[in-house]
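Note sheet for the following structure.
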Amino acid sequence: MRAIRVSQYGGPEQLKLEEVPRPEPQAGEVLIRVHAVGVLPMEWKLRRGLFQGRMPLTLPYIPGSAIAGGVEQVGPGVETFRVGQAVFGRTSKGGYAEYTTAAIENLALKPEGLSFVDAATISGGATVAFSALFENAKLQAGQRVLIHGAAGGVGLFAVQFARWKGAAEIIATASAQNEAFVRALGAQTVINYAKTRFEDVVHDIDVVLDTIGGETLTRSMQVVKPGGILVSLLEEPSQEEATRLGIRAMSNKPSFPWPSTELLQTIARLMTEEGVKTEIARTFPLHEAAQAHTLSETGHGRGRIVLLIH
Ligand SMILES: NC(=O)c1ccc[n+]([C@@H]2O[C@H](COP(=O)([O-])OP(=O)(O)OC[C@H]3O[C@@H](n4cnc5c(N)ncnc54)[C@H](OP(=O)(O)O)[C@@H]3O)[C@@H](O)[C@H]2O)c1
């Protein structure tokens, strides 16, 4: 089968299209013919070797985890999925490939009303937004929320999930190009981060979701109201500062199995029945994975980049 492999850490040119053996599903796994795979920022960070300490990879490896495709074969003992079913979720075996295997606990059936390309934006995007807002921050109806990077692959779902939950006010940060888009998702106030320092205009927030890190994270601590919470996708916030301000601050902690079939099903239901929408930034064919990474590495844009494979 054709797959993109990385044999040495480095730039986008390290993403090479190669012929590799088709994997065999093990017990508790299925073989998936991949139709679409989301391109997550994490994947260019891994490719650059930025996580060698925390997440060492065995080279060569096939990148990609956020998949949608068809079940081609089931592994020993698998009874929950059948050949021919359309599924989506997460693989840890590499999704930038014509076929991959995935653990059944990280997959769900794809509803007919959801396309493969849209389903490929769920893992690593919607799943993260849901877990950060509801499992970690325990967002309640009537609370005020600030979502940074609201036009991104995580942020766009976070804004809509906060609206679905009944947040009293959704405040979001985005560039001028994405202001109208983020407002249409449900944010009442959109702060152009290039023009306005959010901490000058926003205070007393119950829940802050930080998808940016660095200075955005440190400056966000002061806008959380005492007793409120900040969840960062990027870094472990300073506990000393959190204690001084009387707030809670944490990095996003996923639940296990990650993501669970139940979480994936919940999100698919929100998308097919509750009007939650995704946004595709751009699609690329598998052999243009390097161009897809180059675009992702800009750190700007609207929605998720997706590789279309079949
Ligand atoms: N730890 C975890 O569990 C976890 C999980 C998923 C993602 N992440 C990380 O979270 C980050 C976001 O992920 P993603 O998939 O949403 O990324 P993405 O799709 O690339 O989106 C990033 C967004 O950030 C916006 N942005 C850039 N600079 C900004 C700033 N200073 N203030 C506000 N918005 C800004 C960009 O919008 P403009 O075009 O408007 O600038 C863009 O829409 C990535 O670094 C990713 O690696 C962590």
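The values are calculated or read from the model by the stated rules, or taken from the named source; none is laboratory data. No experiment lies behind these values; they were computed from the predicted model shown. Virtual Cβ from ideal backbone geometry, glycine too; neighbours counted across all protein chains shown. Each accessible area value is taken on the protein alone, full model and side chains, heavy atoms only, with ligands, DNA and RNA left out. Shrake-Rupley method; radii C 1.70, N 1.55, O 1.52, S 1.80 Å.
Does Gln265 satisfy being in a helix (DSSP H, G or I), under 22 Å from Ala108 (Cα atoms) and either in the same structural domain as Leu156 (by TED's automatic domain parsing) or more than 14 Å from the ligand (Cβ to nearest atom) (or both)?
Taking the combined requirement at face value, the residue satisfies it.
Report, by residue number, each residue of the range 73-95 that is in contact with a Phe, Trp or Tyr (Cβ under 8 Å, 6 or more places away or on another chain), open to solvent by 30 Å² or more (accessible area, probe 1.4 Å) and within 30 Å of Pro12 (Cα to Cα).
Result: Arg90, single match.
Inside the range 276-306, can you point out the residues that are more than 16 Å from the ligand (Cβ to nearest atom), in contact (Cβ under 8 Å) with a residue 60 or more places away in the chain and surrounded by fewer than 16 Cβ atoms within 10 Å (Cβ to Cβ)?
Scanning the range 276-306 gives a single hit, His287.
Pick out, from the range 1-88, the strands (runs of 3 or more DSSP E) lying fully within it that include 1 or more residues that are acidic (Asp, Glu).
It comes to 16-19, 29-39, 66-74.
State which residue is least open to solvent (accessible area, probe 1.4 Å) when the search covers only the range 179-223 and only residues that are of a type in the set (S, T, N, Q) and assigned to a loop (DSSP other than H, G, I, E, B).
It comes out as Thr211.
Could you go through the range 189-197 and let me know if any residue there is closer than 24 Å to Glu273 by Cβ and touching an Asp or Glu at 6+ places or on another chain (Cβ under 6 Å).
Step one: filter the range 189-197 for residues closer than 24 Å to Glu273 by Cβ, giving none.
Among the residues of the range 189-197, not one is closer than 24 Å to Glu273 by Cβ and touching an Asp or Glu at 6+ places or on another chain (Cβ under 6 Å), which makes the answer no.
Pull out all pairs, ordered by first then second residue, where Cβ-Cβ is under 7 Å, the residues are six or more apart or on different chains, the first lies in the range 42-65 and is within 21 Å of Ser123 (Cα to Cα), and the second is within 16 Å of the ligand (Cβ to nearest atom) and charged (D, E, K, R).
Qualifying pairs under 7 Å: Trp44/Glu297; Phe51/Lys45; Pro63/Glu43; Pro63/Arg47; Gly64/Glu43; Ser65/Arg90.
With respect to the numbered conditions (1) over 16 Å from the mean Cα position of the chain (by Cα); (2) under 16 Å from Gly124 (Cβ atoms); (3) not charged (D, E, K, R), which one is the sole condition not fulfilled by Gly275?
(2)
Could you grab me the full set of residues in the range 141-152 that are open to solvent by 10 Å² or more (accessible area, probe 1.4 Å) and under 19 Å from Ser123 (Cα atoms)?
Across the range 141-152, the qualifying residues are Gly149, Gly152.
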